[in-house]
Structure formats: C-alpha cells, structure tokens
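A.B. asks: Let me begin by handing over the structure; questions about it come next.
The values are calculated or read from the model by the stated rules, or taken from the named source; none is laboratory data. Just so it is clear, the structure is predicted and the values come from calculations on it, not from any experiment. Glycine also receives a Cβ, built like all others from the backbone with ideal geometry; neighbour counts cover every protein chain displayed. Ligands, DNA and RNA are excluded from the accessible area calculation, which covers all protein heavy atoms including side chains. Shrake-Rupley method; radii C 1.70, N 1.55, O 1.52, S 1.80 Å.
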Amino acid sequence: MLGRLRDTIRNGLRKTRESLRERIGTILPAGSGGREVDAAMLDELEEALVLADLGAELAMELRDGLEEKVLGKKVSGPDELARMLEEELLALLPPPFPEVRPESGPRVTLLVGVNGSGKTTTTGKLAARWAREGKKVVVAAADTFRAAAVEQLVVWGERAGARVIRARHGADPAAVAFDAAKAAAASGADELLVDTAGRLHNKKPLMDELAKISRSVSKTIPGAPHDTLLVLDGTTGRNAILQAREFARVTPVTGLVLTKLDGTARGGVAIAIGRELGLPVRYVGMGEGEGDLLDFDAREYVRGLLEPAGGAA
Amino acid sequence: MFDSLTERLSGVLDRLRSGGRITEKDLDRALREIRLALLEADVSFKVVRQFLATVREKALGEEVLKSLTPGQAVVRIVRDELVQLLGGDGATRPLAVASRPPSVYMLVGLQGSGKTTTAGKLGRWLKARGRHPLIAPVDLARPAAVLQAIQVAKTAGVAAYEHDGTGTPVERAREAVRHARERGFDVVLLDTAGRLHVDDALMDELEQLVAAVEPVEVLYVADAMTGQDAVTSAGAFRERVPLTGVILTKLDGDARGGAALSVAAVTGVPVRFAGVGEKVDAIEPFDPSRMAGRILGMGDVLGLIEKAEEAFDREEAERLEKAVRRRQFTLEDFRTTLRQLRKMGPLEQVLGMIPGVKLPEDAEVDTRQIARMEAIINSMTAEERRNHRILNGSRRKRIARGSGTSVQEVNRLLKQFLDMQKMMKKLGGAPGKNRLRRLLGR
C-alpha cells in the first residue's frame, strides 16, 4: 500500500522539477564534508512549506525553529536538514483517535464537508473498501440537495455491492439518515455510511441541518455517529482551517479525509489543522478508482510535502 | 486571526512619520507585511513575489516616502495594482458571440470546482438577457454527471441536450451543436469532465473538444478556496486549451480568495463571473475592486480611506488630533467630528466599509440624525461647548428649544459625547495608533 502511495505521488510529479532534497543538494554538494547552513538554505525550506499550503506564519515558525538548531552548525548533507524538518512536521500531526466499535449493531460513519470536496466519491470508496473486506455495508444517500448525488452514490453502491437507502430529491436528509440507521440495524449491517450534502461552513441554517442529521442517527443507534469524517479538498488553502473549526463545532469530527492528492497539491493545510484543532488525517484520496482511498501514513505525507509543489515551476 | 493590512502597514509606516521621512528600509518592512497578508490569503508564492516587485517600484516612483501617510499611500498602490491584475476597474468584457450561431461556451476546470452548477447559473443568466442557451453535458467519466447537468438545467429553467452518457465527449459535443443549430439555440454551454490537471488523457480530450466545436469562450472554473496549487492547475489548463476567461466559484464562503489573483496572473485572462451562492441565480459579473479588498482582508477600508481623505479637512483633522492628544476633547471637537462624518456620506455606507462592523438590520444612523446632533451643539453658547459641565436643566431646555429638539435628545447627545470623550482620552494616552482609526473611534 505504501509503495503504491509513493508511486502515485512520484508519477504525478514525474514531469515536475527537482525535489527539495535535490535543491538542498545543490546548496550542499555531497562529499563536500558538510557546509554551514545559511539563510538562503532556510529560505528555500520555508518556500517549500508555503508552497505546500502550510501557511506563511507556520512556515516561518518552523524555519525559525530550525534556524535556532542549525544555523552556524555544520550539517552532514541535504538529507540531514530535510530529516530534521521531517521530524518537526511529524511532531505536529496528531495521532488518530482510538477506534470506537459498538458492542452490537452497525458502526456509523458520517461524511461532511464543503461543496465539491469529494464526499460522495469518498463515501463510495469507503463502501467498496469495506465490502471488499467482507463487511455488510449500508449507505445513506442523505445528500438530497445536489442534483444526481443520489444516482452517483447508487452507481458506487452497485459497484461495491452495498445497499443504498435513498429518498426523493429534496427530502429531509435527517429523515433519510434515520431510515437508513433503522434499516442498517434491522439488517444486521456492520457499517453504515451517511453521505451528506456539501455546505459552506459559514451558512448557519445548513450547519444546523447537519447537526440534526448527526442527532437523528443516534436516535436509532446509541453512540452514533462513531466516526465523523471531514472531507477536505487537498487543493484548499487557508480556508480549510476555518472549515475544520466550524464543522467540528456542529458535529463531532473525529478525522479528516484529504482528497485529490494525486495532483500536485500537497494538502499541507492538514498540518495547520492538526496543530490548531488536534484533528488527525485518516484517509487520503488519490484518484477515481475504487482502490484509491488509502490509509493516512504520516511519514509518507510529510515526505510528499517536501517534494516541490508546482508553484516553483 | 488576520489583522487588517491597513492596520499592519500603518503600524509599520505611520509611526515613523514623526521622526521625519521614512526610508527604503521602512518600505521593505511594509512590503514584508503585505507579503504575509497575501500569502495568508492564498495568493501564490510566485505571484506574490512578482507583485511586490511591481509595488516596490511604484512606491519608490510615487514618492510614498515623502507622503504624510505613507502607510495609506502604500495600501493604495497595492490596491490599484491588485485591481489592475484582476481585470481593471472598467466594465467586464461581454461574452463573445460567434459569427455563425450557436456560440459555444466551454466550461473547464478541476473536479468539484463547480462547472455543472456554473453551467446552470450561466444558462439562466444568459436566458434572462434574451439568449437561448442549451446546456450540453459531455462529462462521460463521473458517475451520474450527465444526469446531474440535466437536473441542474431543469432547475435553472434552461434546456439541456439529453443523452444516455455513452459515446465519446467529442461525438456528444458535435451532436449538441448540431441540435442547437437545428432548434434555434444560440448558445451551447459545454459542461466538460473535471479531473486533475496532471491527467494527460483529460487534457487530450479538452483539446479535441476545442478542435471539434471551436468555442468562442473557454472559461476556466476555479474554486475561490484553492491554495497554492491554483497556479499549477490553471497553468496546466492554459498550456493546453485557449482560455478566454475565469469564473470564480464559492465566493459566498469566507475564503479570502487569493486564488483569484493567482489564476488571473497565470492565465493572463480576466475573471468574468463570480458564483455567490447555492441558488441558480447566484452568479454575478466579477468586481475586481471588491475582490481586491477581500483579498487584503480590509472590508472596503480602501474606499473608506479615499472617502475620508476627500472629506477631511486636513487642518481640522490635525487640530482634532491635537485635542485628543491633550486629552481635551470638547463639544466643539465633537461637532467637528460630526461634520466630517456627514461629509463622508450616508453613515451606514461608511460603517459598512469597516471590516468586522455589522450593522443592525434597522440601522437608524443616518446623516439627518447627525444633522440634528449638530443643531443641538450649534444652539449652545461658546462657553457651553468648551465646558459641558455647566449644562444644567434650564440650559438644556433652552438648547432643546433652540435646536427644535427635545431635552431627551439633548441628554442623549451629551451621553454620546461623554462616551466619545472617554474613548478619546484612552486613545490619547496611546500614541502611535492609526490616526484614522482614532478619528472613527475604533
């Protein structure tokens, strides 16, 4: 799995320029016996972090931290500097929350996020993945707002062999979720996935509706939702922090899904979210195939961040 | 979380004014603040660098260094340059019309950027302007994408070229154009497949579509929340398809929207429309100056500065400032402030420009009210204006009669004055803060 992630990232980058390591390499030629780290080198690191969407303030902070440690000291080569930064970044990523598995009945996963972030696709991929693992999966098509969202999910459901609970376009999403929870419990399902309509986090009525959906599943299945995944478009910039804060306010968000990382976007804003809100990344979406949802691997992710983003082209 | 840029710049530059001229070094410090503000608004790193080089040059050329308010002078240059990059102040160019109908408008962009929704909105917008648009879905890759476009078209009250999603995008696009020509539609809105820009297959498909149906507009649909990757994706599309404009979506969110600047800079084409809501009519022609203010996170502070500078009598303003510094803010000074506020225009409009100020729905502060307040002060004697403490009951009654108001109103004005005086005293004790903010009591 890890190898694949690496390959996918590398393939996406094949045409892009040299890696940050290589760039550091030009400043620190191998075999030169080490050179003092200077401001220019740190500038490059900072630039890479900004380009990865960590945000200018965090990038500067990391740079300053690194500067204190290494400025004026000899480092053995580009790898050492990159490795130090890697460790700093890893330390900023919170570990996943412990998995909650209900003693009986289905485990409920709610998917939330802004418009176009990839909720329906992620729901489909999770359904396919769990069905492949031999679990019985029910999907609630609670996005009754967007045109054809239900039909899109039905296609995924058929592929995956998961039952899709649906209602007519415009129906009350909380009612769909409620019905699906009942159906899932009655049919002895292992997993219930609830796909919701995309909504911008600054629209209060829509956020209230989301809280209602979250409550409605708990009426049939106590303790549900056991997982609430915030789906973030990996190309999103600073606004993702505001999204995470607002969604976590109305639903018990337990983790992030970073989508669309098969391009050149690095999704570095997840570091800022992890630090500010303590929310861990759980899955990474890499493409359109059923298998293209991967478990989050912090080290792979951090290495991906330090690859050059396209902005340097 | 984000300080307003004006505040930051004034902090850096205006403070130095009392010590004489500011230096190039001071200017560079100010530019660093702008850099940070732009990066935090998600403007691309590279675009920021180029942008600042231009601003620096202009700032040196325009003698900002000698300005009384260098902070504001720099902000104005930044804003003007932003507006320029975003398409200028002039009216946006209308959508092109093909010499032989139908005019094909092709929507391209990444997954989830909002192409289909935009097709519906744009279709409705065109229809309301007497055109006959046909929405043609040619995204045959994503499950139910064709169905989604058909449903969106229906909601928007726009015709759609319906098909079952089989065949190839080029075949379907050609059919749609033929269909439009036969049925008298004069616009075809081609809703293409979204994918990632590194996807060569998609780019090939878009190239083939361009060659097959010769669109007069190729509009790149971009999500306003995009981060640093905005330049990469927009650049990749520009390399392969002849973009003629940008449509920015999800502007009803609270993103700063620096992506607008990145995309405009990289594609070299203007932003033409903005998507501002979930409803089918939530689309409007793009407004560069509003976007500039948004990116800088300053409400329309720039407009405010301009208005203030137009209205404020510099001498009076300086006298007022001295009064504040002496901590002797009198009713006389209060009247001066009111007069200047009145000159700035409707107060709601002025207050609305200040970021973070939310006016109550039934905001009653209008210029007429300010005029009444002024009348009350006018009815006072010079001594009363200098020393409000002597205003006893009978004096208040006289003033009410003289100004055609009531004692209650006189009392309310005095209360407002005392509040303002208290605030001014506080501010007077804290030198170095932005003068304008002080005048406005913020």
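A.B. asks: Please go through the range A:136-161 and give me each residue that is over 14 Å from A:Thr122 (Cα atoms) and part of a loop (DSSP other than H, G, I, E, B), ordered by number.
C.D. replies: Scanning the range A:136-161 gives A:Lys136, A:Thr144, A:Phe145, A:Arg146, A:Ala147, A:Ala148, A:Gly161.
A.B. asks: Could I ask something else about it? Which residue is farthest from the other protein chains (Cβ to nearest Cβ), if the candidates are limited to the range A:172-195 and must be open to solvent by 10 Å² or more (accessible area, probe 1.4 Å) and outside any helix (DSSP H, G or I)?
C.D. replies: Taking the candidates together, the pick is A:Gly188.
A.B. asks: Let me ask you something else. With the requirement that a residue be at the interface with chain B (Cβ under 9 Å from one of its Cβ atoms) and open to solvent by 20 Å² or more (accessible area, probe 1.4 Å), what does the range A:247-273 give you?
C.D. replies: A:Lys260, A:Asp262 - these are the residues of the range A:247-273 that are at the interface with chain B (Cβ under 9 Å from one of its Cβ atoms) and open to solvent by 20 Å² or more (accessible area, probe 1.4 Å).
A.B. asks: Quick one: in the range A:102-120, of everything that is assigned to a loop (DSSP other than H, G, I, E, B) and in contact with a Leu (Cβ under 8 Å, 6 or more places away or on another chain), which residue is surrounded by the most Cβ atoms within 10 Å (Cβ to Cβ)? Write out each step before concluding.
C.D. replies: At the first step, the residues of the range A:102-120 found to be assigned to a loop (DSSP other than H, G, I, E, B) are A:102-106, A:113-118.
Going one step further and asking which of them are in contact with a Leu (Cβ under 8 Å, 6 or more places away or on another chain), we end up with A:106, A:113-115, A:117.
Details: A:Pro106: 27, A:Gly113: 27, A:Val114: 28, A:Asn115: 23, A:Ser117: 30.
Within the range A:102-120, the match that is surrounded by the most Cβ atoms within 10 Å (Cβ to Cβ) is A:Ser117.
A.B. asks: Quick check, is A:Ala244 without any contact (Cβ under 8 Å) to a residue 40 or more places away in the chain and either of a type in the set (A, V, I, L, M) or touching a Lys or Arg at 6+ places or on another chain (Cβ under 6 Å) (or both)? Don't jump to the end; show me each part of the working.
C.D. replies: Details: without any contact (Cβ under 8 Å) to a residue 40 or more places away in the chain: yes; either of a type in the set (A, V, I, L, M) or touching a Lys or Arg at 6+ places or on another chain (Cβ under 6 Å) (or both): yes.
Taking the combined requirement at face value, the residue satisfies it.
A.B. asks: In the list A:Glu87, A:Glu99, A:Glu57, which residue meets the criterion of being more than 21 Å from the chain's Cα centre (by Cα) and open to solvent by 50 Å² or more (accessible area, probe 1.4 Å)?
C.D. replies: Values: A:Glu87 fails: more than 21 Å from the chain's Cα centre (by Cα); A:Glu99 fails: more than 21 Å from the chain's Cα centre (by Cα).
The match here is A:Glu57.
A.B. asks: Something else: Out of (1) open to solvent by less than 30 Å² (accessible area, probe 1.4 Å); (2) in contact with a strand residue (DSSP E or B) (Cβ under 7 Å, 6 or more places away or on another chain), the odd one out for B:Val64 is which?
C.D. replies: Exception for B:Val64: condition (2).
A.B. asks: To continue, here is another question. I'm trying to understand the selection: among the residues of the range B:196-240, which are among the hydroxyl-bearing types (Ser, Thr, Tyr) and modelled with pLDDT under 95? Walk me through it before giving the result.
C.D. replies: Step one: list which residues in the range B:196-240 are among the hydroxyl-bearing types (Ser, Thr, Tyr), which gives B:220, B:226, B:232-233.
Hits for the range B:196-240 are B:Thr232, B:Ser233.
A.B. asks: Considering every residue within the range A:156-163, establish whether at least one is open to solvent by less than 10 Å² (accessible area, probe 1.4 Å), under 21 Å from A:Leu294 (Cβ atoms), away from chain B (no Cβ under 11 Å) and of a type outside the set (Ser, Thr, Tyr).
C.D. replies: no
A.B. asks: Any residue at all in the range B:265-277 that's open to solvent by 40 Å² or more (accessible area, probe 1.4 Å), at pLDDT 70 or above, in contact with a Phe, Trp or Tyr (Cβ under 8 Å, 6 or more places away or on another chain) and not in a helix (DSSP H, G or I)?
C.D. replies: Within the range B:265-277, one or more residues are open to solvent by 40 Å² or more (accessible area, probe 1.4 Å), at pLDDT 70 or above, in contact with a Phe, Trp or Tyr (Cβ under 8 Å, 6 or more places away or on another chain) and not in a helix (DSSP H, G or I).
A.B. asks: Restricting to strands (runs of 3 or more DSSP E) lying wholly in the range A:219-291: which have 3 or more residues that are farther than 16 Å from A:Asn115 by Cα? Explain how you work it out, then say what you get.
C.D. replies: On the way: elements: A:227-233, A:255-259, A:281-285.
Filter on the range A:219-291 gives A:281-285.
A.B. asks: Being at pLDDT below 80 and among the acidic types (Asp, Glu), is that true of even one residue in the range B:33-54?
C.D. replies: The first filter runs over the range B:33-54 and keeps only residues at pLDDT below 80, leaving none.
No: the range B:33-54 contains no residue that is at pLDDT below 80 and among the acidic types (Asp, Glu).
A.B. asks: Now for a separate question. On the basis of being within 12 Å of chain A (Cβ to nearest Cβ) and not in a loop (DSSP other than H, G, I, E, B), does B:Ala234 make the cut? Write out each step before concluding.
C.D. replies: Working: within 12 Å of chain A (Cβ to nearest Cβ): yes; not in a loop (DSSP other than H, G, I, E, B): yes.
Considered against the rule, which asks whether it is within 12 Å of chain A (Cβ to nearest Cβ) and not in a loop (DSSP other than H, G, I, E, B), B:Ala234 comes out as yes.
A.B. asks: Looking at B:Glu182, B:Glu205, B:Glu171, can you tell me which residue is in contact (Cβ under 8 Å) with a residue 12 or more places away in the chain and away from every other protein chain (no Cβ under 14 Å)?
C.D. replies: Details: B:Glu182 fails: in contact (Cβ under 8 Å) with a residue 12 or more places away in the chain; B:Glu171 fails: in contact (Cβ under 8 Å) with a residue 12 or more places away in the chain.
Selected residue: B:Glu205, the only one of B:Glu182, B:Glu205, B:Glu171 that is in contact (Cβ under 8 Å) with a residue 12 or more places away in the chain and away from every other protein chain (no Cβ under 14 Å).
A.B. asks: Can you name every residue in the range A:121-136 that is open to solvent by less than 10 Å² (accessible area, probe 1.4 Å) and either hydroxyl-bearing (Ser, Thr, Tyr) or farther than 15 Å from A:Gly289 by Cα (or both)?
C.D. replies: Residues satisfying the conditions are A:Thr122, A:Thr123.
A.B. asks: Just need a number here: residues in the range B:205-230 that are assigned to a helix (DSSP H, G or I) and within 19 Å of B:Gln111 (Cβ to Cβ). Lay out the reasoning, then the answer.
C.D. replies: In the first step, residues of the range B:205-230 are kept if they are assigned to a helix (DSSP H, G or I); the result is B:205-213, B:230.
Remaining after also requiring within 19 Å of B:Gln111 (Cβ to Cβ): B:205-207, B:209, B:230.
Residues in the range B:205-230 being assigned to a helix (DSSP H, G or I) and within 19 Å of B:Gln111 (Cβ to Cβ): 5 in total.
A.B. asks: Another question about this same structure. Go through (1) within 14 Å of another protein chain (Cβ to nearest Cβ); (2) within 25 Å of the chain's Cα centre (by Cα); (3) farther than 22 Å from A:Asn115 by Cα; (4) not small (Gly, Ala, Ser) and name the single condition B:Pro288 misses.
C.D. replies: Looking at each condition in turn, B:Pro288 falls short on (1).
A.B. asks: Got a sec? Which helices (runs of 4 or more DSSP H) wholly within the range A:1-84 have at least 3 residues that are at pLDDT 65 or above and in contact with a helix residue (DSSP H, G or I) (Cβ under 6 Å, 6 or more places away or on another chain)? Talk me through it step by step, then tell me what you get.
C.D. replies: On the way: elements: A:2-13, A:20-27, A:39-51, A:56-70.
Passing ranges, in order: A:39-51, A:56-70.
A.B. asks: Moving to a separate point now. Check A:Asn202 against each of (1) more than 10 Å from every other protein chain (Cβ to nearest Cβ); (2) assigned to a loop (DSSP other than H, G, I, E, B); (3) under 21 Å from B:Ala255 (Cα atoms) and name the one condition it does not meet.
C.D. replies: Status for A:Asn202: all satisfied but (1).
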